[in-house]
Structure formats: structure tokens, C-alpha cells
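Notes follow the structure.
Laboratory data are not the source of any read-out in this text; all were calculated from the coordinates shown. Only a predicted model underlies this, so the values are computations on that prediction, with no experimental measurement involved. Methodologically, a virtual Cβ is constructed for each residue, glycine included, from the backbone with ideal geometry; neighbour enumeration extends over all protein chains shown.
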Amino acid sequence: MIATTPMSISGRYESSAACSQAVTAGHGIRGLLDRLDPEAAGAEMHALVRELYPIPRSITGDGLRRSLRLLQGALPLTLHEVPTGTRAFDWVVPREWNLRAARLLGPDGEVVVDADRLSLHVLGYSTPFRGKVRLEDLQEHLHSLPEQPTLVPYRTSYYHEDWGFCLSHEQRAALRPGEYDVLIDTSLEEGSLTYGEVLLRGASPDEVLVSAHCCHPSLANDNCSGMVLAATLARLLQGVELQHTYRFLFVPGTIGAITWLALNEDFARRVVHGLVVACVGDAGRLTYKRSRRGNAEIDRACAHVLAHSGEDYELRDFTPYGYDERQYCSPGFDLAVGSLTRTPHGEYPEYHTSADTPELVRADRLADSLVRYLEVLEVLEGNVTYVNLSPKCEPQLGRRGLYGPVGGHSHAVAAQMALLWVLSLCDGSRPLLDVAERSKLPFREVRRAALALEEAGLLGATGT
Amino acid sequence: MIATTPMSISGRYESSAACSQAVTAGHGIRGLLDRLDPEAAGAEMHALVRELYPIPRSITGDGLRRSLRLLQGALPLTLHEVPTGTRAFDWVVPREWNLRAARLLGPDGEVVVDADRLSLHVLGYSTPFRGKVRLEDLQEHLHSLPEQPTLVPYRTSYYHEDWGFCLSHEQRAALRPGEYDVLIDTSLEEGSLTYGEVLLRGASPDEVLVSAHCCHPSLANDNCSGMVLAATLARLLQGVELQHTYRFLFVPGTIGAITWLALNEDFARRVVHGLVVACVGDAGRLTYKRSRRGNAEIDRACAHVLAHSGEDYELRDFTPYGYDERQYCSPGFDLAVGSLTRTPHGEYPEYHTSADTPELVRADRLADSLVRYLEVLEVLEGNVTYVNLSPKCEPQLGRRGLYGPVGGHSHAVAAQMALLWVLSLCDGSRPLLDVAERSKLPFREVRRAALALEEAGLLGATGT
Amino acid sequence: MIATTPMSISGRYESSAACSQAVTAGHGIRGLLDRLDPEAAGAEMHALVRELYPIPRSITGDGLRRSLRLLQGALPLTLHEVPTGTRAFDWVVPREWNLRAARLLGPDGEVVVDADRLSLHVLGYSTPFRGKVRLEDLQEHLHSLPEQPTLVPYRTSYYHEDWGFCLSHEQRAALRPGEYDVLIDTSLEEGSLTYGEVLLRGASPDEVLVSAHCCHPSLANDNCSGMVLAATLARLLQGVELQHTYRFLFVPGTIGAITWLALNEDFARRVVHGLVVACVGDAGRLTYKRSRRGNAEIDRACAHVLAHSGEDYELRDFTPYGYDERQYCSPGFDLAVGSLTRTPHGEYPEYHTSADTPELVRADRLADSLVRYLEVLEVLEGNVTYVNLSPKCEPQLGRRGLYGPVGGHSHAVAAQMALLWVLSLCDGSRPLLDVAERSKLPFREVRRAALALEEAGLLGATGT
């Protein structure tokens, strides 16, 4: 295990009205949800997306570092620096890449593209290059999208030394023959890979992992939205008494997750539930991609929350393609980590192009995503296994004020049904999520019934 | 365990032609079914529903007692009296309630409602009350159905002392201001809770429980129909050689089932299959509600019979709301007890109103319900596990006269398919119901094949 | 166990261009498939069907013997003769039946039917008879199809002594009253039952059984097509290095399979996968009937191949009616033997009639069936369980040339997905067919990825 240099830098992302309001009291995540003002929270989150958007991030370097510092604020976000050359399973932490400038000038000296205007214009991890290049030779260093001719693609070459520019296919088609002036002022040197971490300790050492990739440059939904949601979630949870320990990771995609896993195998073994956060601000419906296990508690909690969200949603089985769930779910770890997104990567036309701007991201969708994440955590936190202490026949609920006095009505209301379901199913063999699934009642209703019955002495929590 | 006082009273419900005819021979339930005249049985059952209907029943008292005596007749129905104050798990047997008269007179002395005309008019378990009450004060003692303004609702107040009247919303709306004369001549005193029991001993001490609630006053489908079906079933089975022991319970709802379970825990543990009988006379399709276990033999037997009934039907999972399956399936017992009804409680508009009259109950539907109950019992009785004694390749059925002599035909007939399925699947690992389910053949066809193969020496019953 | 007389007779079915071409190299079944010329193979197979068609086969006798010799050719097909009277479980090998002539002459001496023209005209296993019979007495010896009045049915009377003729219902209806001259010149004598066997030894003694019934006379699809497909498959596999041992059985239906099982119980226990081949040349879609086990590897392999065939197909559960899978799957053996056919027996109008001619059988459908059989064997042969040797996070595929150098694209191609799926799922707990099922990729793609990863040192085969 290689020692990393933790860097704690006080940032400027101050907690503001809408969210901090919710942090004060400590009545669990349900209280947090009840107090949350989604409109204000969405507006704040969107403002932060706009701030993050222009920063030229990559899997290493100052853009990544600046982005993480922006997230710090009231958040106890620790920055870790892992030196170039550090081995991480089958991988090695690469040299640190920094971009000072990247410009392509035309035959008449006119600016064709400039990474200062849009960081996507430079091929990620381009090696330094300065010189005159004829158009025909330049072509192999150009990347464009013939099928989306007005958009600039996002392209990288992390592990194959190369330089290049990304531009719209329309612009590329209009390039005149002649000599172009290439200025790629980048550095690729010994340095470190940076990642951020927030640890919120709960009653149990069992961990919930929330991981967001932070390496993409000017792409707002993928993944400024995920970085902001994870940071907001961490900030909100600070004020809450927690059952689980929560670990938030802000890592460069693939290599960052692999590096964290390689350096923290012991911690990784403590992860009992996890979510990879990405693409949570677009207008699409929520989509949950199950963990490799397929029926882990996180998988069922997400399915339950989405089923009761009152909105369209999609559930998908695990596939080994996607974001960092690929690493967390690799067979040597097989963690119970799913991914809760809106439209999944690669499935919206703006994906990995210059059209993934802050305008694609909507404040109300960020807030909706935040609420669903909190509802999922509400399930994980409250998914206790109870045992009915009066299991032979129904207890007399009326005597305890839990049942209406006049009999003969046709239907029981939801609150009464929740009491009956909890009494019927809580025999110590299954936690409350099972009761919610079986009864088709929302988890919060089932949990409310369980707490009422516990207070009446009719239900006891088991060791589990 | 508290000793109860068994009371055996010879009743007047004589066995009559249609049903008793079937009782004579002893060739099992299939023989019973083959000999049953459904039309005559339905007519008899409907006549008994009409007799039971006007009796003012409650969870205790003389109306309940009279109803049970009416069912006795040729039936060895034992009446048990459990004293007020007897503890039954979380409950206590309440005081006995008896209704002498309940009348509401209007400002001019006119009769507004009179329980003598319809027992539903008095709130069940009303405390005695006599006096003048102004309309505005009377209102909180009146119960009506704004959404079904012409019907009188059925309402009770067993465990909260109160008095009241039930009337149609139209009548209530027309009440003139003024003073009303209330006469509620009831008694609520030390006494006992009455329930009836029939025990038919079979070869095995394993019990089949059939339970009907008997506490509802003038409601014909719910549950005069169930009381009559259970009594008829018990009477028919008397003449049959039985594999299981059968226990029929005629109990007041909830408190009656709880009391029986509390006083008979040892017997309850012997119950291997059970059905709660209610609402079996309306025109709706048959509905089976599974036991809490969900895949018990009774659940599969009912599903099989309904699937082969040739009529529309519905299967439902257990919910902890309903009739006494709530108690039998409570987690401390978790008995394999389901409920086979026609339209379930609360789902027909006449439910728990003055419209649930003997006219709602149809003789042909009572008979159809009876036939299905018998078919379910046929499965339970005949669900033997056999083992193919010639398991290597097919035995030569033709040589034994079990297969046609000329080969080459395109299709085997059902009887031949039943022989082949029984030989293929009866390897000692599964009973005949599995064979019927897998082959999609009716149980009686599979059983007939099994008996033929057993006679031919090709099949042997296992210990199970 | 009774000793049988093996007879090896060199036949005249020479291996010809289309198929033998494929036999030369030894790169497994995938190589065989890649080299196969389906058009030429189909033409050859159809020619052989036409040769087999007119031979008057039965469950014993010279027609059966001649048919098997015709299949020998380059094939090491051993003929076994099992004497009349040999016991086979509940059965006894019957007397050998041979047909010299069977003719029915009309009142004026005109030929009504003659088995020389169509072997179906004589009831199979007719006892010898010569004499004059009046039409009214003749009727009980005539078999026809009122619902298909122009077709001659196929009928037999193996185990009930009788004689008869089969003719079209139209012809039968036109028979004039009078005396008919019956000549049935058959013999039913001590002799033997003949069956053929090919054994191809592979690396493992575990056997794959391919069984075709050979007893039907002039019926081309049922089962000249199956005999030819099995023989062609055996001939092709001769040139291939095999993992399993393959046993091909050419047996008279029912009694032949039962006899083989009775005489070879020890070999039967080695069968790990098996297929009964019949009706593989008609124009209908492929139909797979599962083994009695229902989810055996052969069942899943066939389902997988059909699902990826790009054509309509059908999967069916086992039923105890059909061809020799009835015997192989009888509970005393319960072998993992399914049946892969085109239109199943009894479900095409020409079934077991004079309309099942070589014209019903299509060369292209024979070839398609052959390809699917080979694809199924490809799965069985290559269904290895691997373990990812770099299971913690993904290995760096790009460094090994297994992944494209430029990142950021929206979708992975199938070949890359296959690599990722194999790495994700191959944890030693499941073979490649599971990976193919879960990933919905064709088996050959998954296997190709596994071989590439194995070569790169990232994957190792387990003992299984």
C-alpha cells in the first residue's frame, strides 16, 4: 500500500440557504426530505454546475484539482495525490497532464480552434507539439462527427501518445488546403493523480459508497451534474445521525476508481451498498443499472424508490460497460454498487459533444435526482429487521388507538394496511424493504407503521 | 388453557333428499361428486340461507346461538361457550350482548327505524340507552352511506362503548329537526362467546380446517352463504371414508377465531390445509386468496381446481386484511389456510349493506361453490406420492390392455397421456398434484390413471 | 447382458466432395462450420433420402438391414443383431418380420393395392394370409383416413397378430361388393432385431448420444431425414478433434431404443447430452423439445442456438409422448436427451401418410438442420468454465491491443463487449454458455473472446 499525501484546502463553496436549512435538525433522512426545498436546492446545484463547466479537467492535472477545490466549501473533502508510476493492479498511474494552450491557426493565420474557448477542442492528453502541418497530414490528428456535423466531439488518448484537435465536421469540411500552425502547449510529466474523498461516520462501520467521475472537461451533464449531486448529498448528510458510514469519492474515471480500489482494498471490503453518480441533470427519466449481483439491497432499494416516484423510469441489468461500476463490480470485488442516472451515457444525442452544456442540465431535474438519491438512502438507513412480539393472531390495535373504533367499513386505509403488513411479515426473517415490496406500500409508510408498533411495544428490532 | 363447556343440542336441520343421497356410499369424494345433484343441493342450501338471514347475530349472544342450532340437524355440531373475561392472546372475550329491541321514533312519534324490521338498523354492540335526543345531537349516533343513499349500512362498535342507528342516507337527509325518542333495549353482561365445531376423523390425525364466520346479522352472502356451505360440506363428508381429519369451525369473526386458536393451540398445529369460507353465493366468479405461505398445497389445489373449472376465476396473493385467515395465518401460527370465495369482501356494491339479501345469493352459485370445495378436497385427499415400479423405459401398456393395438396414429388421447405422464413423473419425488400441474390434465384424470397403473402392478404408493 | 453379434459391412455410401472437404482439417466444430458448403451438403443429404425412401423398413427384418448398410459408406457404422426373445426390461424382442409381397385383388382380378408400389399399403407386421374374403369381412382389415381421403395411412400391428391393408379413403369408398383375393406373403419368424451404432471417441469418456429411429417404411421426413442427418453428422465429426465421445444410434423406434438401453445400461450412464433426430427436412421452423430435466445443458445449448439462428423457432417442454426421448428420459434413466426437429411428429398434414415423400423434404432445410446441430455441438464442445486471472478491476486491454486507442466513443462494439463480459462473468462459477446467455451474444463470439483473453494470459480454464 502506497502512502498518499492528503491535502485539505478550505474552499469557497459556502453552504447556502436552501440546503443548509435542512442540515440543522437530526431526525434522519426522512426529516431531511421533509425539510428540503427542491426548487432552491436545484437552483444552487445548477449554479455550481455552471461554475464547474468551463474548467479543463482530465484524469490528472490542475483542472481536476481546481474542480475538487471548488466542491470543498463546507464539505470536509480531502484531496489525495497519488504519484505517477504508482501501480494499481494491472494499471500504472500515468504522468500528469496539464494544458496551458492549444490552438490551431489556418493558412492565413486565422484561429481555427482554441482550447481556451472550449476545452473539448484539444484531444485529451495530447503530447506537446508546435509546428507547421499541411492539411493532408493534419487530417489524421483531427476528430469530428460526420453524423452530428455541427458538434465538437470529446476525445482522449490517455494511453497512446498522440496529439490532436476536435472540431465540428462542418468546420473540418471547410478547411482550405495549405499549411496550418499547430500550437499544443501541454506538459506530460511526473506528478500525481488527484482524487477527493469525504467520509461521514455512522453508527456502523459498514459503508455506503457514492462515486462520481470528475475527469471530463466541458461536459455539463457528464459529469458536472454527478459531481454536484454527490457533493450536495454529502453536505446534506453531514447534519444527520447516520446508521451507515458514508464514503464519497470524486475520482477520475477508470484509473481513479482502480487506483482507489488498489490503495484501499480493506475499505472496499466494507462497502455494503454503493452508487455511481453520473448524468443526473438532463430531462430524461431516471434509469437504474443494477449491480453485478443483480438483487442486492441497493438494487431493490433503487427499484422500490423509482417504482414509487410517480414518474416514468427504467431498470436495467448490469453490463460490464459504463462508468466506474465496471471496476467496483469487477469479479475480484463484486461490490453491491449500481448506478442511478437519468439518460444513460451514450443514449442522449448531446453525449460527449459540445452540446452537453449547462443548458442541457435542468435545475428541477437535478433536484429530482437529489430527492431520489435521498429516498434510496432513507431505505438503506431504515431497512431494519423487526420481529412481531405478539405474533399469535393480530394484537388488538383498537385498544392502543391504532385502529378506528367503528367496524364494518369496506376498506382499510393505507396506514392501517401498513400496520397489518408489518405485523404479518415481521417475523425476524425479513427487513422492512421486503415488507414494502410485498405490500406495494411506499417504504416510508411501512417504516412509519413499524415505528408506531415499536412504540406500542408490539415490535422489536432484531440484531440485524 | 381454559376449559370450555361443550353443549350438544339436537337441532332441526334434517338431512334431505338431494344431499343425503350422496352420503350413502363410501367411494371417496369423487364418488360424492359423481352422485351429487347440484340443482337440488343449491335449492336446499338457498332455503337454509333464507332461514338464517333474519336472525340478529353478533359476536356473542342468542342470535349467534340460534343460528348455530339451526345448522345442527343431522350434523354432529358441538356448541362451545367461552366465558366473558377469558383471555385469548392479546384479546379478552367481551361481555355478551343481546338485543331485545332498538327503535328510533321521530318528533311526532312516528317510527324512523326499528331493528325488528331489519337487524342492521342498530349499531352492533350498542349500549342500552333510552331518552329524548335532539336531531343535532342524534347525528353523531347515526350511520349512513352518502354514496349509496338508499342502503342501510352494517356498523358495529364492539370495543368502544357507544350506541347508534344505521339508516339510509336518503332517510337521514329527510329527518326533520326536533326531539327524537331513542329506545335501545340491549344488554351487555357477563356471559359467553359461542362457537360451533364439527370434527370428522379420518385415517390421519392431520387436519383440514374449514372456518366460517357467523357473527354478521342480516347479510345473506356475508356470511349466511359461508355458514351453509361449510355445514353442507360437513354433512356430505360424514358418509365418506376420509384420509384427513376434518375440523369445521363456525365462529364469530376475529374474536372467535382468536379464541379458538388460543384455547386449541395443540389442535391448530395439526392443521395441514385450511379454507376460510365466506361470500360463496353471489353471481361473481370464484376468487381464491392464497395463504400467507403462498405456495402451500391448499394454494396449489385451489389454483388447479379453478383452472379446470371451465369458468372465469381469480387468484390473489395473501394480504393481512380480510376474514379469519388473518388470524390463522398470523406469523405465530402461519397455517396453510387460504380463502375461497366468490366476489371478495368489500368488492360488491351490496357488501355490508341492507342490499346483501337472500335475493343476492343464487342457488346455482351456492351449488357451484360447493362443487369446487369438494373438488379441492378431492385433490387434498388423493394427493398421493407414487413411484413407478417399472422405471426403466416405458412398460408395455398394450400387453396390459392399457394401450390401443394399432400403432401409427397422430395423437394420444387424454387417458393415454395421463398414463404416460404418471409413469414419467412418478419417481417418488412428487405427489399427483404435481403431475396434474405439469401435464395440465385435470387431477381426477391423473388420479384415475394412477389407480389403473397401481392395479396393473406398475405403480406403488410411497409412505408419504 | 446378452452378447450381440456385431456385423461390419462395408457399404457404398462414399463420402463425396461437399462434406468430405470439411473433414480434412481439425480446428474443431467451428472450423467445420466455417468450411461447410450448405448447398452441396443439402443436395447430398437429399439424394440419400431419396435412396432410402422406397425400402420397406419395419422394426425388424431385411428392409431395416438394407437401410443401415446404405448408411455405412465411409462411416464406421456397426450393425448389431439382437435375437428374437431377448428380454429388454418389460419388453421382449419380437419375431423378425419380412415382407415378400402383399397384394389385394378385386372381384374382377384387378389390383387394388400392391405393397410393391408403396410399402405403406400393407399393415406393418401383418401375419401371412392367402384367401378369398368378401368385402364386408375385408373392411375390418382395411385402414384409411376419412379426413384425408386421398392419402394412404401408415399403420402397424406389432404386438397384436393381425393382417391388413392401408389405402386411400376414396379408393376404399369405391370398392365394389364381391370377393377379394388377399395375398399377404410375409414371414414372422425367429430372427433378430437390427440396429446400427457409430462411436467416435473424444478426450473424455462422457458421451453425447444422437439417436434416429429407422423403422418407418416409405416416409421421407419421418424418418429418412433423421437417419441421413445423423449419418452426415457422424461422418463430418470423424475429422474433428473432439472433447466428448459421440455415440450415434440408428434404431427401430421404441423397441430398438429400449433394447439398446437394456443391453447397454453402463454406456447409458455415460450419456451427458443427447438428441433424438427426426423430421428434420420439412419446410417448418425448428422445434426443440426439452429433456425431462428441462434445464439441462443440452436444453440450454439448443435454446441458445435457435435464439441466435435469425429464424423463427419454437421451444417446448418435455412431454412423455413423442419418439425415443420417451425411453431415454424414462425416470429410471432420466438422461439429458432432448429432440431437435423441424415440424414435430403429428403436426404436419403429411405425417404418417403417403404424402410424406422426398418432395416434402427440402435440401436447404436438411442443410439448415445440419448447421444447427453442428452449432449445438459447438456449444457442448466449447462450454468451458474459465476464471479471470486479473479479477480486481478491469485489466488494461488497450496495452494488449485488445481495445481501441482513442477514448470517448459512445458504444463498444460486440467484440469488445464480449471481452468485457467474459472478464466480468468468468469467475470460475459458470461456463461460457452462461456468459452467452447473460450477455445475449452468440456463443461463438463469447468463445472467441475467451480464447483471445486466454492467449493474453488473462483467463485460465478451470478443471471443469
Compute from the Cα atoms of the stretch B:144-253 the Rg and the Dmax, the latter being the longest Cα-Cα distance, and quote both in angstrom.
20.6, 68
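Under 8 Å for C-alpha pairs, at least 6 residues apart: give me the relative contact order for the stretch A:214-337, rounded to a whole percent. Let's see the in-between values first.
Details: 135 pairs, mean separation 38.3, N = 124.
About 31 percent, as a whole number.
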Would you kindly compute the Cα radius of gyration of the stretch A:262-379 and its largest Cα-Cα separation (Dmax), both in Å?
14.4, 41
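Report, to one decimal in Å, the Kirkwood hydrodynamic radius for the stretch B:28-178 based on all distinct Cα pairs. Display every interim value, and only then the final one.
Numbers: mean 1/r = 0.0542 Å⁻¹.
Across the stretch B:28-178, the inverse of the average 1/r is 18.4 Å.
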Picking from C:303, A:331, B:54, whose Cα lies most toward the positive end of the charge dipole for the protein assembly as shown (charges on Cβ: Lys, Arg +1; Asp, Glu -1)?
A:331
Eigenvalues of the alpha-carbon gyration tensor of the stretch C:175-326, times 5 and square-rooted, give semi-axes in Å, largest first, of 32, 22, 15
Can you tell me the Rg and the Dmax, both Å, for the Cα atoms in chain C?
25.3, 92
Which value, to two decimals, describes the C-alpha radius of gyration of the stretch B:335-388 once divided by 2.2 N^0.38 Å?
1.62
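Could you calculate the FRET efficiency of residue C:116 with residue C:315 from 1/(1 + (r/R0)^6), where r is the beta carbon distance between them and R0 is 45 Å, rounded to 0.05? Before the final figure, lay out the partial values.
Numbers: r = 43 Å, r/R0 = 0.95.
Given R0 = 45 Å and the Cβ-Cβ separation, E is 0.60.
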Using Cα pairs under 8 angstrom and six or more residues apart, how large is the relative contact order of chain B, in percent?
17
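Suppose we look only past 16 Å in the calculated P(r) of the stretch A:289-333. What percent of the Cα-Cα pairs does that tail hold?
Values: 406 of 990 pairs.
That tail contains 41 percent of the Cα-Cα pairs.
Please work out how much length the chain gains when fully extended from residue B:176 to residue B:451, using 0.36 nm per residue of separation minus the C-alpha to C-alpha distance, in nm with one decimal. Can you show the working numbers first?
Working: separation 275, 0.36 × 275 = 99.00 nm, distance 7.34 nm.
Once the chain is fully extended between residue B:176 and residue B:451, it gains 91.7 nm.
Dipole magnitude of the stretch B:83-196 about its Cα centre, charges +1 at Lys/Arg Cβ and -1 at Asp/Glu Cβ only, in debye to the nearest 20?
That gives a dipole near 120 debye.
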Neighbourhood net charge (11 Å Cβ-Cβ; Lys/Arg +1, Asp/Glu -1) for residue C:187
-3
Mind checking the stretch A:141-183 for GluC sites (Glu not before Pro) that DSSP puts in a loop (not H, G, I, E or B) and that have at most 13 other Cβ atoms within 10 Å?
A:147, A:161
Of the peptides C:434-440, B:210-216, how do they stack up when ordered by the mean number of other Cβ atoms within 10 Å, highest first?
B:210-216, C:434-440
For the protein assembly as shown, give me the percentage of DSSP beta bridges that are antiparallel, rounded to the nearest 5 percent.
65
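What is the local net charge at residue B:226, summed over the other residues whose Cβ is closer than 11 Å to its Cβ (Lys, Arg +1; Asp, Glu -1)? Don't jump to the answer; show the numbers that get you there.
Working: positive: B:342; negative: B:222, B:324.
Combined, the nearby Lys, Arg, Asp and Glu give -1.
Quick check on the stretch B:25-105: what are the equivalent-ellipsoid semi-axes from the Cα gyration tensor, as sqrt(5λ), descending, whole Å?
Working: eigenvalues 234, 84, 19 Å².
Three semi-axes, in Å: 34, 21, 10.
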Evaluate the distance, in nm, between pseudo-label points positioned 7 Å from the Cα of residue B:199 and of residue B:134 along their respective Cα→Cβ axes.
6.0
Between the stretch B:281-337 and the stretch A:93-122, the alpha-carbon center distance in angstrom:
71
Tally Lys/Arg at +1 and Asp/Glu at -1 over every other residue whose Cβ is under 12 Å from the Cβ of residue A:116; what's the total?
+1
Check: the stretch B:136-187 dipole with +1 on Lys, Arg Cβ and -1 on Asp, Glu Cβ, in debye:
240
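With r as the distance between the Cβ atoms of residue A:413 and residue B:285 and R0 = 30 Å, compute the FRET efficiency 1/(1 + (r/R0)^6) and round to 0.05. Before the final figure, lay out each step's value.
Numbers: r = 27 Å, r/R0 = 0.90.
It comes out at approximately 0.65.
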What FRET efficiency would be calculated for the residue pair residue B:187, residue B:429, taking the C-beta separation as r and a Förster radius of 51 Å, to the nearest 0.05?
0.25
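Considering only DSSP beta bridges with both partners in the stretch C:177-254, what is the antiparallel share in %, to the nearest 5? Write out the running numbers ahead of the final one.
Working: 5 of 12 bridges.
Bridges in the stretch C:177-254 are about 40 percent antiparallel.
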Say each of residue A:359 and residue C:148 gets a label point 7 Å from the Cα, pointing the same way as Cα to Cβ; how far apart are those two points in nm?
7.1
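Determine the calculated [θ] at 222 nm for chain C from helices alone, applying -39500 (n - 2.57) to every DSSP H run no shorter than 4 residues and normalising by the residue count; nearest 500 deg cm²/dmol.
Values: 15 runs with 144 residues, N = 464.
Value at 222 nm, helices only, nearest 500: -9000 deg cm²/dmol.
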Projecting each Cα onto the charge dipole of the stretch C:175-307 (Lys/Arg +1, Asp/Glu -1 at the beta carbon, about the Cα centre), which of C:200, C:262, C:287 comes out farthest on the positive side?
C:287
By the Kirkwood definition, with r running over pairs of different Cα atoms, the protein assembly as shown has a hydrodynamic radius in Å of 38.3
Output row for residue B:185: copy-to-copy label distances, label 7 Å along Cα→C-beta, ascending, in nanometres, one decimal, is 11.0, 11.0
Filter the GluC sites (Glu not before Pro) in the stretch A:181-255 down to the DSSP loop ones having no more than 16 other Cβ atoms within 10 Å, then list what survives.
A:190, A:241
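Find, to one decimal place in angstroms, the Kirkwood hydrodynamic radius of the stretch A:249-321, where the mean of 1/r is taken over every pair of different Cα atoms and then inverted. List each step's numbers first, then the result.
Working: mean 1/r = 0.0714 Å⁻¹.
14.0 Å is the Kirkwood radius here.
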Say each of residue B:108 and residue A:307 gets a label point 7 Å from the Cα, pointing the same way as Cα to Cβ; how far apart are those two points in nm?
6.1
Point me to the residue of chain A whose C-beta lies closest to the A-onto-C rotation axis, rounding the distance to whole angstrom.
A:295, 11
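Give the average, rounded to an integer, of partner chain Cβ atoms located within 10 angstrom of each Cβ in C:386-398. Don't skip to the answer; put the middle values down first.
Numbers: counts 0, 1, 3, 0, 5, 6, 13, 21, 10, 4, 9, 1, 3.
Mean shielding by partner chains, rounded to a whole number: 6.
Could you list the square roots of 5 times each eigenvalue of the Cα gyration tensor of the stretch B:314-408, that is, the equivalent ellipsoid semi-axes, sorted largest first and rounded to whole Å?
On the way: eigenvalues 391, 95, 23 Å².
They are 44, 22, 11 Å, listed largest first.
Are there any GluC sites (Glu not before Pro) in the stretch B:343-393 that are in a DSSP loop and have at most 12 other Cβ atoms within 10 Å? List them by number. The partial results should precede the final answer.
Working: sites: B:347, B:350, B:359, B:375, B:378, B:381; in loops: B:347, B:350, B:359.
Sites meeting the loop and neighbour criteria: B:359.
When DSSP beta bridges are limited to those with both residues in chain B, what percentage is antiparallel, rounded to the nearest 5? It would help to have the intermediate numbers written out before the result.
Working: 44 of 68 bridges.
That works out to approximately 65 percent antiparallel.
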